[in-house]
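Presented below is the structure to which this report refers.
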Amino acid sequence: MSQNQKPKIAFFDFTSCEGCQLTVVDSLQTHPELLQVVEIVQFREAMTERGEDYLVAFIEGSCTRESDEARLKAIRQQAAVVVALGTCAHLGGVNSLKALHPLDEVRRYVYADRADWYETYDARPIEAVIPVDFAIPGCPIDRNEFVACVKALLLGKKPPIPDYPVCVECKLKENTCLFTRGKVCLGPVTRAGCDAICPTYGQSCEACRGFITNPNDSSMRDVLAQHGLSVDQVTSMYTMFTTYQVREKLMQAEASGR
Amino acid sequence: MSTRIDVHHVTRVEGHGNIVVGIANGKLEECRFDVVETPRFFEAMLRGRPYQEASHITSRICGICATGHATTSLRACEKALGILPSDQTVLLRKLSFHGEILDSHVLHVYMLVAPDFLGVGSVIPLASSHPEVVLRALRMKKLAGDLCAAVSGRHTHPIAMTVGGFTHFPKPGELESLRKRLEDCRADVDATIELCASLPWPQFERDTEYVSLTRPDEYAFIDGEIVTSDGTRLPIEDYRQVTNEYLVQHSSAKFTRHQRESLMVGALARFNNNHAQLHPRAKAAAVALGLTPKVTNTFLNTAAQAVEIVHCVEDAIQVIDQLLERGITPEEPVPPTKMGGEGVGACEVPRGILIHHYWIGEDGKLTGANCIIPTNQNIANLEGDMRTLVPQILHKPAEKIRLDLEMLVRAYDPCISCSVHVAKLERP
C-alpha cells in the first residue's frame, strides 16, 4: 500500500501487440475513477515515472525467449499478485502459431542468413515460466471485464471469470446462431466473458479466451465436420489462439499412452 | 570529457527500444536506436493459414493500428483473389480507418507527447493539473473508438471486416448519432490545434526523402500509388524499389533506404506530399500551426498529426453523409473470382505506409507473406536525425540531451512491436 492507502499496481509487456494495455487506457474513458482507487507505479507504454514497489503486476504478452524469463521471475518475486493480461500472457495466443513450423525454418524465413542474430524460442504463456494468480482472458481483453476484475481484486475477491461457454452469452443477446446462418463457430467450447462480441458482429468465435474447463471436444469436432469442415479446417480453427494448449493436450495424451 | 546517454526502454512509445549515444571530447562517437523488442515472426506464421484468417491474425501485429493492418491484409487478399469490393464496403472501411487515425493521433499528441512539454512524466499528473485537457483527449478518443466499433465491432481488434466486405452493418441511427458527435467534436479539435500551436516545438531541420501513398481523388489512406518528395512515383506492387530492407545487428527490426541514406514515412510525409488534398479546415489548421510544405522539422510530425485529426473528423462527417444518402444495405461479401494468386495491399496507417504482400495457393492457404511496417522505414531516418541533432545540443547538460533525444524518438510515434516481424527477403 502506498501512503495514501491506494494499492500500487504495475503493467508489464512481453511479446504482444500491446492492445490489452491500450484497452486498459481506454477503460479510463468510461471509468476515470479507477485512478482514484489505485496508484499506477509502472506502465512504460503510457508513463515515464517508474516505481518498483508494486503489489499487483499485470503482465501482457507471451514469453518467447529465454532471456525474458529472468525479468518475469523478478516481477513474480516483487508482486503479491500476478495477473496474466490477455490471451498472449494467458494462453500463448497467436504467438504460438510459430510452433506449427520448425523453429529454425521460421527464423530463416524472416531473418534469412542473419537468423542467429535474434534470440527466440516457442512462445509460451507466462504460467509456463512463473506461477500466475489470475488471468483476464481475451484478445484483446474486454474493457468491462477488466474493470470488474480490478474491482474484485481491490475487494480481495477472485476476479469473476465465467466458466461457461460463449453460447450462453450469445443466446442472452438473442443472436441468430451462426450455425443456422451457414457459418461455423467455436462458441460451444470457448470460455464466455466477452459478451459474445464476435458472433454478434457476424464472425465465428475463434476461442481467443481459451476453452471452458470441460469442453465437449469430440462433439464440437463432429458438429464442425457436419457443417462441411475438413479435419484440416477444424485444426486451423482450433489452433489460431490455442496452439499451445492443443499441443500440450496432445503431448499429455501421448504420455498417458492414449 | 565524455558523456554517455543510455535510455533503456524508451517510455511512452509502443514497444521496446533503447537510445545509445556516446560522446567523447566533444565528438559524437556512437549514436544508435536499438530495437530490442522480441522478434515476432508473423510472416512465417501466416503460411499454411486460410486466407480468411489473415486479417484476424495480422491485426494482432499491433494494438494501435489493428484496423490498418486488417484493412491492408484484406486488400492484399482481394487483389490476389480478383475481388472488387462494393462502394459501400469502400466507404465503411474509410470510416473505420478515420476512427483509427483519430484514436492513434489523439493518443500520441495528448498522452505520449504533451507530457514532455508540460514537464511531467505522463498524462496521469495532468489529470489533476490540467483536467480539461485530459478529459478532452479521453472524449475524442472515445468518439474515435466508437466510430470503429460501429463499423467493425471494436477498434482493437476489428471483427466485422472480412475479405470482400463486412459481416455486420451499422444502423442509420448509429451513424446519425456519430455524425452529431463528430460535429460537436469540432470545439475539441479546435482546442487541439490551439494546444499544438502553443507548444514550443524544438528547432531542428533535416531534409530527407518523404514517402507516402498518393491518390488522384483524395488524401490517400487506403490504396493508391507510392510517391516520394524526391520525385519517384511507383505502383504499390513495386514497393521493394523504395523499401530496400536491410538488417543491422542492433535491431530486430529491419532498416530501409531509397535515394538517400534514409527516408521518412508518416503524417509529416503525407502532409508534405498530399497537403493540397486536405479538407479546407485542415489546411486552415496547418496555417495556424505554421506548417507550409515541405516541412523538414521532424518534431513537427506531431503537429502534422494534429492537422490530420481535423481532416479525419471532417472527412468522416462527409463519409457518413454519403452512407446515409445511399442507405446501408446488408450485403454478402464479394466472393473470389479465382483461387490462388499474389496480391499487394497498401495503406497509410497512423505511422506511415504499410504494405502486406501475400501469396495464396489454390487451396486458399497462404504460401508466403511479406509485411513492410512504417516504423521500420523510419528507424534509419531517426538515427540520421540523432546524428544531426546531437552535435547541435552538445552544450546542454546530459539530462537535457537525453530528454531531447527521447522527444525526437517520440516524434516518430514509433510502433516497435509492429516493426519486428519484418519481411523475408526473397519471394517463395
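Within the stretch A:35-53, the set of residues being surrounded by fewer than 18 Cβ atoms within 10 Å (Cβ to Cβ) and either closer than 19 Å to B:His108 by Cα or more than 7 Å from chain B (Cβ to nearest Cβ) (or both) comprises A:Gln36, A:Val37, A:Val38, A:Thr48, A:Glu49, A:Arg50, A:Gly51, A:Glu52, A:Asp53.
Quick one: in the stretch B:240-261, which of the residues that are surrounded by fewer than 21 Cβ atoms within 10 Å (Cβ to Cβ) and more than 14 Å from chain A (Cβ to nearest Cβ) is modelled with the highest pLDDT? Taking the candidates together, the pick is B:Arg240. Inclusion of B:Ile64 among residues that are assigned to a loop (DSSP other than H, G, I, E, B) and more than 14 Å from every other protein chain (Cβ to nearest Cβ) is not warranted. In the stretch A:54-65, the residue that is surrounded by the most Cβ atoms within 10 Å (Cβ to Cβ) out of those that are away from chain B (no Cβ under 11 Å) and not hydroxyl-bearing (Ser, Thr, Tyr) is A:Phe58. Would you check which residues across the stretch A:131-171 are of a type in the set (A, V, I, L, M) and touching a residue at least 12 places away in the same chain (Cβ under 8 Å) and list them? If the condition is that a residue be of a type in the set (A, V, I, L, M) and touching a residue at least 12 places away in the same chain (Cβ under 8 Å), then A:Val132, A:Ala135, A:Ile136, A:Ile141, A:Val147, A:Ala148, A:Val150, A:Leu153, A:Leu154, A:Ile161, A:Val166, A:Val168 are the ones that fit. Is there a residue being within 11 Å of another protein chain (Cβ to nearest Cβ), at pLDDT 85 or above and touching a strand residue (DSSP E or B) at 6+ places or on another chain (Cβ under 8 Å) anywhere in the stretch A:26-33? No, because not a single residue in the stretch A:26-33 is within 11 Å of another protein chain (Cβ to nearest Cβ), at pLDDT 85 or above and touching a strand residue (DSSP E or B) at 6+ places or on another chain (Cβ under 8 Å). Given the structure, is B:Gly17 more than 8 Å from chain A (Cβ to nearest Cβ) and on the phi > 0 side of the Ramachandran plot? Considered against the rule, which asks whether it is more than 8 Å from chain A (Cβ to nearest Cβ) and on the phi > 0 side of the Ramachandran plot, B:Gly17 comes out as no. Residues in the stretch A:57-102 that are farther than 23 Å from A:Ser236 by Cβ and of a type in the set (Gly, Ala, Ser): A:Ala57, A:Gly61, A:Ser67, A:Ala70, A:Ala74, A:Ala79, A:Ala80, A:Ala84, A:Ala89. Which residues, taken from the stretch A:17-70, are of a type in the set (Val, Ile, Thr), over 22 Å from B:Glu100 (Cα atoms) and more than 21 Å from the chain's Cα centre (by Cα)? Within the stretch A:17-70, A:Val37, A:Val38, A:Ile40, A:Val41, A:Thr48 qualify.
Counting only strands (runs of 3 or more DSSP E) that sit completely within the stretch A:3-88, those holding 1 or more residues that are of a type in the set (D, E, K, R) and within 23 Å of A:Thr120 (Cα to Cα) correspond to A:8-13, A:56-60.
The values are calculated or read from the model by the stated rules, or taken from the named source; none is laboratory data. Just so it is clear, the structure is predicted and the values come from calculations on it, not from any experiment. Don't worry about glycine lacking a Cβ; one is built from the backbone with ideal geometry, like all the others, and counts go over all protein chains shown.
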